[in-house]
Each structure stands twice: as structure tokens, then as C-alpha cells.
Amino acid sequence: MSPILSVRNLSKNFGAIEAVADVSFDLAQGELLALIGPNGAGKSTCFNMLMGQLKPSAGSVKLKGREITGCKPRQIWRMGVGRTFQITATYASMTVVENVQMALISHHKRLYSPFPFAHRLYRAEALALLDTVGMADQAERHCAVLAYGDLKRLELAVALAHEPMLLLMDEPTAGMAPRERIALMQLTADILAQKGISVLFTEHDMDVVFAHSHRIMVLNRGRLIADGTVEQIRNDPKVQEVYLGG
Ligand code: ADP
Ligand code: MG
């Protein structure tokens, strides 16, 4: 099967800094691929280019064979590349289920009305998505009172509302306690396997990376220095040197 994502010789310079240099990889359908590397390695820069937020200095990105290099974030999102965001302040005043309804309304390109919830648009679908992420019992709570880990699960439900074929998650578990991190990634992995969605994610916590990735790529100073299975990466001396601290 042809890859979902094909990245070739992707580079980004900020003045004299080579933030991302000549990165090439393919991502297969249903694959859970981790991009790791020390702080400043170029992970976020890479993500921002894939999402259309940053223009590459060189290289190409193809989504299912279609060139998306230089496309706007919204176009790329419309083509089926989802991402997880922090929940914004606006959304904090809404309930959990309303947040997912908003995402569904946006996905189905319905016009936003001043009273979008009066007619309970997409409520059943929203509740089903909340059930998928284990939050059906919190549907009527306001986001402002949610625990951080629950906000992260809501974020996942919101991303799923857009039915992405590929999900980009830049440090999805940042700020979470270790046990919560494992649980969130387990949940993510289960949902994605069930829906056949591919994922590219960055993560600091090596326990999470080793527990859930199908494949791991290691970035150092903008360059990919390794790309392999969990076992290969664990035992790669180059990786141990730059990243795992021996
Ligand atoms: P990571 O996400 O792996 O920590 P980043 O992609 O954020 O790394 O950063 C890679 C390098 O690019 C760093 O040296 C960083 O300082 C630099 N960098 C990132 N964004 C910018 C920017 N907008 N302007 C200048 N330098 C940047
Ligand atoms: Mg980063």
C-alpha cells in the first residue's frame, strides 16, 4: 500500500540555524510513529512544516501521493490531517459535549449560529465520541473544571470529530503525570488501531515511546540519525549517545 505521508529532503533554516536538515521518511497507514530527540532537535519545526504552519526551506511533503508542500494549515486539515491542540479559553466556558459538537459542526461545515446547541446538533455523535475516549460520564461538565488529563482526552475526541486519516500530536502528554501519560497513549493507540488512523507524535517520556510506538525516528540537530523498531532504537549506540545518555 502506498504511504499516507511521504516526506522527502525536508529542511528548514532560521538564518544560520539548520533547524531541520534533509529529513526523509514514509508513514504507512495505521502506523504509530514516534519522532524523538533532545530539546532543540527540530521536532516541532518538523511538525509545523507538516501542518502548513511553516514554509519549508526545501523538500517535499506528500499526503497519499498528493503534494501538500506550501499548502495552508486549513487546506491540510481539510485533506484529513488532524492535530491535537490545547483547548482554548473560549471553549473553556462550554461543556465537554458542546466542545465536541462544535468540532462536528465545523467538520460538517455547518454555519455557526448564535445558539448552536439549542437544536442539539450532532449531540448523539458527540456523545459517541466521548464514549470512545472514556468521557461519556463527564459530558455535561464545563471544561474549565476538568482535570488536565481529561482535557487531553477531550482534545483527542475533538480531533477525532474531524475524521482524520493522519493525526499529528506534538507532545500530547506534556504536563501529565507518568501513569496518566501511559494511559493516554494506550487509549490513543487503541482508538487509532480501531479506526485505522496513522499517527506521528513527539514525546519526551521514553517509557511512553517504547510502550506504544510501532516505529521510532530519532532527530538530532535537525537530522534523522536513526529510524527503526523499538528494539533497534533501544540498542542503537548513536541514539544512546545523543539521547538516552548512555
Ligand atoms: P524541538 O521541538 O525538537 O525541541 P524545535 O523545532 O522547537 O525543536 O527547534 C529546533 C531549532 O530551531 C532550535 O535551535 C530552535 O531554537 C530553532 N527555532 C525554532 N523555531 C524558531 C524560530 N521561529 N526562529 C528561529 N529559530 C527557531
Ligand atoms: Mg518541540
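Structure notes:
- Matching option when the condition is surrounded by fewer than 18 Cβ atoms within 10 Å (Cβ to Cβ), over 20 Å from E171 (Cα atoms), of a type outside the set (A, V, I, L, M, F, W, C) and within 13 Å of ligand 1 (Cβ to nearest atom), among G15, G40: G15
- Single match in G149, G175 (criterion: more than 25 Å from L104 (Cβ to Cβ), of a type in the set (G, A, S) and in contact (Cβ under 8 Å) with a residue 12 or more places away in the chain): G175
- L5 passes every criterion in (1) more than 16 Å from ligand 1 (Cβ to nearest atom); (2) more than 17 Å from the chain's Cα centre (by Cα); (3) at pLDDT 95 or above apart from (2).
- Scope segment 174-191; condition touching a Phe, Trp or Tyr at 6+ places or on another chain (Cβ under 9 Å) and not hydrophobic (A, V, I, L, M, F, W, C); matching residues: G175, E180, T188
The values are calculated or read from the model by the stated rules, or taken from the named source; none is laboratory data. Given the structure is predicted, the values throughout are model-derived calculations rather than measurements. Quick reminder, even Gly has a Cβ in these numbers, built from the backbone with ideal geometry, and neighbours come from all protein chains shown.
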